[in-house]
Amino acid sequence: MRQSIIHWFKFASPQGFYPLAGRMIPWFWAAAAIFGISGLWISFFVAPTDAQQGEGYRIIFIHVPASWMSMFIYLVMAFWAALGLALNTRVSGMMAQALAPTGALMAALSLWTGAFWGKPMWGAWWVWDARLTSELILFFLYLGFMALQAAIDDPRRADKAGAILALVGVVNIPIIYFSVKWWNTLHQGSTINLNKAPSMAQTMLWGMLLMALAFWMYSIAVALTRVRAIILERERHTEWVKHALE
Amino acid sequence: MNALLATVRRDILLALRRKSEVLTAVFFFVIVTSLFPLGIGPEPALLKKIAPGILWVAALLATLLGLPRLFAADHVDGTLEQMALSPSPLGLLVAGKILAHWLLCGLPLVLLAPVLGLQFDLDASALGILTLALLLGTPLLSLIGAIGAALTLGVRGGGVLLALLVLPLYIPALIFGAGAVEAHIAGLDIGGHLSLLAAMLVLAAFFAPWATTAALRVALE
């Protein structure tokens, strides 16, 4: 064993993770800014106007990355929850708690921008499409997770209860998604079909990918900032926190 | 297995000593389903169309009403801790409690549903499908609900929180349960709906007592 191997388990303790998170945050903020500025520039000035949808389509540069992140963050949250339950590491529970508000924000943003997009395109703020409905349910799952964590005073119990809920939720997400999808095809109420996406211009795709990366970096930066605050709050009785704040 | 049956017998006996608690949920079911025609109007064609959805949503809410009682009393008087310490596995005892909860809160709904369905002008075969779907669906509701009940045990504002946690997870049961009846009325095949409902029931019967036990152990720490 050489000494240069990083001791990863050091970062499983709040004391070890706090300075690491502090060092990583500026980099993720910088990456978010670079990707965000270039992505917005492409999406507003380079990407051509859509032949059918006009300028209104540009909202998808926010809408699609937000939807992706809302789903991905739930998976990451469930991953940390499982890790916390299996290895009993404290930072895992804090990570899950720190990710939830960002995930809920992304789900809300996705629903909101979806409504803005739907009004001019479909003539309705809301339709009971399978994707919209499952995004709404995902938003409810985030709210349930945050409400449960907020209702339990003991942080260790809140972490474990939240972890069980996140895992139950992640098992249910595919079931909910397919049931909503089949429910929608059974009813055939709306004539809108989101599945036939028109072939996208290359620049549009680039804009979307850059925006997705920007959202990704932003989510990591915000989650790390939040987890630092959670660490300070929970470890306030320890000596190292008193020194860290000096 | 004896431990499971003993738990079922004990819970049913306790509930029968205080009948009003069980009957409240049942009457809630009756009243809520009767409110819809008053709110929507007495037109038979419309009522027939929305009947499966209304009966299912009312069954969902009535099940939810009985869930906080599932573990609360045992938690307060320490029985739950004794169960966790007993030589029989806690998962088995929890499964017994869930079964008792279904017998007390779910089964009455299944038996009442055909009677309430008559209010909505459903014909005999539709009533049969509705009862069958509820028979498969209500145990699923009890199983999923037990996880939520265990997670919110002794938590501030547990009742409202329980609804927030559990209702999104009830959506698949609602879709396939009400969907089976709707498909039957529309003249479509209902095998798929009932099979999926049964598949979810099997899956939940395997995993839910386990997840509930984990949540209870967290609450008992």
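Taken together, the values in this text are just the output of simple stated rules run on the coordinates, not laboratory data. Owing to the predicted nature of the structure, the values given are computational and were not obtained by experimental measurement. Neighbour counts run over all protein chains shown; Cβ positions are idealised from the backbone, glycine included.
Below, the figures for the structure above:
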item: Filter result (buried (at least 24 other Cβ atoms within 10 Å of the Cβ) and farther than 22 Å from B:Leu103 by Cα) within region B:153-171; result: B:Leu165
item: Any hit, region B:172-190, residues being within 30 Å of A:Arg157 (Cα to Cα), out of contact with any strand residue (DSSP E or B) (no Cβ under 6 Å at 6 or more places or on another chain), part of a helix (DSSP H, G or I) and touching a residue at least 24 places away in the same chain (Cβ under 8 Å); result: yes
item: Residue count, region A:82-106 (criterion: within 14 Å of chain B (Cβ to nearest Cβ) and either among the charged types (D, E, K, R) or at positive phi (or both)); result: 1
item: Out of B:Leu167, B:Leu201, sole residue that is more than 9 Å from chain A (Cβ to nearest Cβ), at negative phi, touching a residue at least 60 places away in the same chain (Cβ under 8 Å) and assigned to a helix (DSSP H, G or I); result: B:Leu201
item: Helices (runs of 4 or more DSSP H) lying entirely in region B:43-148 (those with 1 or more residues that are free of Cβ contacts under 8 Å to residues at least 60 places away in the same chain); result: B:44-66, B:69-76, B:79-85, B:107-119
item: Close pairs (9 angstrom Cβ cut-off, 6 or more residues apart or separate chains): more than 24 Å from A:Ile37 (Cβ to Cβ) in region A:205-233, surrounded by fewer than 20 Cβ atoms within 10 Å (Cβ to Cβ) and among the aliphatic types (A, V, I, L, M) anywhere; result: A:Arg228/A:Ile25; A:Ile231/A:Val241; A:Leu232/A:Val241; A:Leu232/A:Ala244; A:Leu232/A:Leu245
item: Criterion (within 14 Å of chain B (Cβ to nearest Cβ) and part of a helix (DSSP H, G or I)) met by exactly one of A:Leu143, A:Leu109; result: A:Leu143
item: Count of region A:3-62 residues which are exposed (fewer than 12 other Cβ atoms within 10 Å of the Cβ) and within 19 Å of A:Trp117 (Cβ to Cβ); result: 6
item: Of all residues in region B:11-34 being more than 11 Å from B:Ala58 (Cβ to Cβ) and of a type in the set (S, T, N, Q), the one that is surrounded by the most Cβ atoms within 10 Å (Cβ to Cβ); result: B:Thr24
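Residues checked against (1) under 21 Å from A:Arg157 (Cα atoms); (2) touching a residue at least 60 places away in the same chain (Cβ under 8 Å); (3) touching a Lys or Arg at 6+ places or on another chain (Cβ under 8 Å):
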residue	(1), (2), (3)
A:Ile59	no, no, no
A:Ala86	yes, no, no
A:Lys119	no, no, no
A:Trp128	no, yes, no
